[in-house]
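Below: one structure, written as structure tokens.
The values are calculated or read from the model by the stated rules, or taken from the named source; none is laboratory data. All figures in this text were calculated on a predicted structure; none of them were measured in a lab. We place every Cβ from the backbone using ideal geometry, glycine too, and count neighbours over all the protein chains shown. Side chains included, ligands, DNA and RNA excluded: accessible areas come from the protein's heavy atoms. Shrake-Rupley method; radii C 1.70, N 1.55, O 1.52, S 1.80 Å.
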Amino acid sequence: MKVVAFLGSPRVKGNSELLLNEAVRAIEGEGHTVTVFRPSRMKISPCLNCGGCDNTGVCEVRDEMDLVYQAIREGDRFIIASPIFFFGLTAQIKALIDRCQSFWCEKYLLKRPIPAGENGRKGLLMLVGGMKKEVGFKCGDATATAFFRTINVPEHQVLSYLHVDAKGAITSHPTALKDAFEAGRKLVSQ
């Protein structure tokens, strides 16, 4: 089973990365391969809304998104791990998601959704934020849901943690790392 993960945080070894690492550890422990993309370290242009993908389902911009497109087509399981910035996913992960407009065109305009494959397609969303209210998580989940459905991922689990802001603070949460590990294991179970 091929697992594709997207780390939305630009912070190295931050809370999102710590959560993602636990999920990846569980998945690799089950014998599966995980490809992790870190958009903050990639050359990804934002969507230009040029309309080039409307009739083809293929983005005309050539950059490191080509690697992402291939991984999404070949993947079985998908993870997004991101902090919430101003009630939304980070700009880096949002740029990657916006560039998946080509998949939206392919699925909804051209009626050619990505095939589910023999393992089906499932997702996991892990969110952290320093805020006191869940509204940011709802906004982040709405964006992730649109992305997941566009790439033909019909269901996903959400883990979210409030009051987590300082670098490494997630390690003080009583269950977060264990939750992430178990969610990773569950993601690849049949």
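For this structure, a couple of remarks:
- Beta carbons closer than 8 Å, at least 6 apart along the sequence or on distinct chains, pair a first residue in region 23-34 that is of a type in the set (D, E, K, R) with a second that is loosely packed, with under 14 Cβ neighbours inside 10 Å for GLU30/SER189.
- Taken together, LYS94, LYS107 contain a single residue that is surrounded by fewer than 20 Cβ atoms within 10 Å (Cβ to Cβ), of a type in the set (D, E, K, R) and touching a residue at least 24 places away in the same chain (Cβ under 8 Å), which is LYS107.
- Exactly one residue out of PRO46, PRO10 is touching a helix residue (DSSP H, G or I) at 6+ places or on another chain (Cβ under 7 Å), open to solvent by 30 Å² or more (accessible area, probe 1.4 Å) and closer than 17 Å to CYS105 by Cα, and it is PRO46.
- Filtered by the rule that a residue be of a type in the set (A, V, I, L, M, F, W, C) and either within 26 Å of ASP98 (Cβ to Cβ) or in contact (Cβ under 8 Å) with a residue 40 or more places away in the chain (or both), region 151-177 gives ILE151, VAL153, VAL158, LEU159, VAL164, ALA169, ILE170, ALA176, LEU177.
- Looking across region 25-36 at every residue that is closer than 22 Å to GLY117 by Cα and open to solvent by 20 Å² or more (accessible area, probe 1.4 Å), the one that is modelled with the lowest pLDDT is identified as THR33.
- Residues satisfying the stated conditions in region 51-72, i.e. of a type outside the set (D, E, K, R), over 17 Å from PRO113 (Cα atoms) and assigned to a loop (DSSP other than H, G, I, E, B): GLY51, GLY52, VAL61
- Boolean, LYS132 is open to solvent by 30 Å² or more (accessible area, probe 1.4 Å) and in contact with a strand residue (DSSP E or B) (Cβ under 7 Å, 6 or more places away or on another chain): no
- Selected residue (criterion: nearest to the chain's Cα centre (by Cα)) from residues of region 49-65 that are open to solvent by less than 60 Å² (accessible area, probe 1.4 Å) and within 16 Å of GLN92 (Cα to Cα): MET65
- Among the candidates SER16, SER40, SER45, the residue that is more than 27 Å from PRO174 (Cα to Cα) and part of a helix (DSSP H, G or I) is uniquely SER40.
- ASP141 vs. criteria modelled with pLDDT of 95 or more, among the acidic types (Asp, Glu), open to solvent by less than 60 Å² (accessible area, probe 1.4 Å) and under 13 Å from the mean Cα position of the chain (by Cα): yes
- Only listed residue being of a type outside the set (A, V, I, L, M), within 18 Å of ARG38 (Cβ to Cβ) and in contact with a helix residue (DSSP H, G or I) (Cβ under 9 Å, 6 or more places away or on another chain), chosen from ARG149, ARG99, ARG121, ARG112: ARG99
- Number of positions in region 79-119 that are among the acidic types (Asp, Glu) and more than 26 Å from GLY52 (Cβ to Cβ): 1
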